[in-house]
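Following: one structure in structure tokens, then a few remarks.
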Amino acid sequence: MSKRFGPTTALADVSLAVRAGQSHALVGRNGAGKSTLVAIMTGMAAPDEGQVLFGGVPAPSLGNRDAWRHNVACVYQRSTIIPALTVAENLFINRQSEGSVISWPALNRKASALLEEYGVSVDARRAAGDLDVEARQMVEIARALSMGARFIILDEPTAQLDGAAAARLFSRMRSLQAAGVTFLFISHHLHEIYEVCETVTVLRDARHITTRPAADLSRDDLVEAMTGETRRGATVWSRPPVPANTAPILTADRLSLTGHYLDVSLALRASEVVGIAGSGSSGSTALGQSLYGLRKPDAGTIAIRGRELPLGSVPDALKAGIGCVPKDRQKEGIVPLLGVGENITLPIADRLGRFGAISTARRDGFTNAMIDRLDIKTEGPRQLASALSGGNQQKVVMGRALSNDPEVLVLIDPTAGVDVKSKESLLGAVDISARDGRAVVMISDDLDDLRCCDRVIVMFRGAIVREFSAGWADADLIGAMEGMGNERQH
């Protein structure tokens, strides 16, 4: 396959063969060409050179969408489920009835039978918008299989799943493989590739680098193939220890939010990175959102240097010196139709000119400095944020969080869905922020994120259950996150 968009080469003579019944990993840094290849494989774009074959038969024309759906389907990181419709309506959209009249009881029965066949425990009559990420993904897989597709592309399927939900997904993948379903698995979580995939293909800079059995490719070799650089081992974070008697910048006292967490207290000191880890039901994400004002706790207080903040107010959190990288960069992070500069400078737009007018020169100058600081790959401040790769969009969100020169950074899954180099760059920015005297709270269950923390607080079922100093063992931390051994304090 070769594909160009104007002067940009998105794919350069890339070949890929996925064997029936396998799980085949497709990996590469953001911008390597994965999305373009998927667009071609799903009939959303035509290659400039090359062709797609299913079982040796050339792919149908791009206009024949039904024929494509019978061959291949993609479950994207951003769900294609329509939230206002029921699960049954989503499963059989445009196929609700064979006649002119829809029988809703028959449709619901048919949907329930389909969900049961593929082990999806969801009420077919339920509004799809009420489903969690895991359930939405399984509904999308069931919908694709019901159309006859036996080749499913999973695009970053675990980016928003906790460990238990990811394990359930992998178990279902194995069951479907045994029934003859083939998967192309795209993930930046490299350890998952070795867990579920037999074969790995690496793209770099729009070119095919290697295709090898996963068992024959070490993790260091995989990273080297993705980056073109020899892996030097995991980054070692060695900031000076924060004195125990240092006064906290941020204190949260007995915060509670019904259905999420209960009676949580914590303190963040200058130059300290504190991790908060836990599964999807732990309440850790809701706690981070509360610290930044995205959620309003039912009880408790949050204070910056002893000054109590109004709860549930993002503007007040910003004014108090709190910056945030939210969990979902698409829904809560970037404004896709604004430029890179507009996105980065949103919190400080009132400082970039006089009498309510923004000086584009001042905005571009500030943005260019942030682009250099975070190594954002962009054409410049005026490029639309939506045109950037996922990793660079995340850097834009980080730049916006830093633009206000905050005293406290609240980071929620800051490296989710980004490649190895982008992750290193983002975590490097966290390290520099701490060295500059900021207090950082890192809410994540990614062990690489947590390794840069001075200490890690573990939440389980809405409560703080353990605390680990730097140097923790993976097994101990994961065990605490999964509820093992929480009867004793570390």
| Restricting attention to region 39-72, which residues are open to solvent by less than 30 Å² (accessible area, probe 1.4 Å) and in contact (Cβ under 8 Å) with a residue 60 or more places away in the chain? | Met41, Thr42, Val72
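Going by the structure shown, is Ala84 of a type in the set (A, V, I, L, M, F, W, C) and touching a Leu at 6+ places or on another chain (Cβ under 8 Å)?
No: the conditions fail for Ala84.
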| task | Spot the failing condition for Gln289; the list is (1) in contact (Cβ under 8 Å) with a residue 40 or more places away in the chain; (2) surrounded by fewer than 19 Cβ atoms within 10 Å (Cβ to Cβ); (3) of a type outside the set (Ser, Thr, Tyr), and only one is missed. | result | (2)
| said: Would you confirm whether or not region 119-128 contains a residue that is within 23 Å of Ala67 (Cα to Cα) and not hydrophobic (A, V, I, L, M, F, W, C)? | reply: no
| Extreme residue, nearest to Thr345 (Cα to Cα), among residues of region 293-319 that are open to solvent by less than 30 Å² (accessible area, probe 1.4 Å) and within 28 Å of the chain's Cα centre (by Cα) | Ala317
| remark: Inside region 351-410, the number of residues satisfying the requirement of being among the β-branched types (Val, Ile, Thr) and in a helix (DSSP H, G or I) is 5
| request: Would you check if Ser425 is at pLDDT below 90 and either polar (S, T, N, Q) or touching an Asp or Glu at 6+ places or on another chain (Cβ under 7 Å) (or both)? | output: yes
| said: Filter region 113-145 down to the residues that are closer than 18 Å to Ser79 by Cα, open to solvent by 40 Å² or more (accessible area, probe 1.4 Å) and in a helix (DSSP H, G or I) and list them by number. | reply: Gly129, Asp130, Arg136
| Taking region 429-480, which residues are part of a helix (DSSP H, G or I) and within 26 Å of Asn404 (Cβ to Cβ)? | Ala429, Val430, Asp431, Ile432, Ser433, Ala434, Arg435, Asp449, Leu450
| Long-range neighbours under 6 Å by Cβ, at least six apart or interchain, first residue in contact (Cβ under 8 Å) with a residue 60 or more places away in the chain within region 317-329, second acidic (Asp, Glu) | Gly321/Glu407; Pro326/Glu332; Lys327/Asp413
| query | Taking Glu308, is it of a type outside the set (Phe, Trp, Tyr) and more than 23 Å from Ala416 (Cα to Cα)? | reply | yes
| Candidate set from region 278-309 (those that are assigned to a helix (DSSP H, G or I) and hydroxyl-bearing (Ser, Thr, Tyr)); member that is nearest to Val133 (Cα to Cα) | Thr285
| remark: Those residues of region 362-415 that are closer than 20 Å to Ser35 by Cα, buried (at least 23 other Cβ atoms within 10 Å of the Cβ) and small (Gly, Ala, Ser) come to a total of 2
| Residue that is nearest to Gln51 (Cα to Cα) [pool: residues in region 2-23 that are buried (at least 22 other Cβ atoms within 10 Å of the Cβ) and touching a Ser or Thr at 6+ places or on another chain (Cβ under 7 Å)] | Lys3
| note | Per the filter on region 189-202, residues open to solvent by 20 Å² or more (accessible area, probe 1.4 Å) and more than 17 Å from Gly21 (Cβ to Cβ) are His189, Leu190, His191, Tyr194, Glu195
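The values are calculated or read from the model by the stated rules, or taken from the named source; none is laboratory data. Values in this document were obtained by computation on a predicted structure and should not be read as measured data. For neighbour counting, all protein chains shown are included, and Cβ atoms are generated from backbone atoms with ideal geometry for every residue, glycine included. These accessible areas exclude ligands, DNA and RNA; they are computed on the full protein's heavy atoms, side chains included. Shrake-Rupley method; radii C 1.70, N 1.55, O 1.52, S 1.80 Å.
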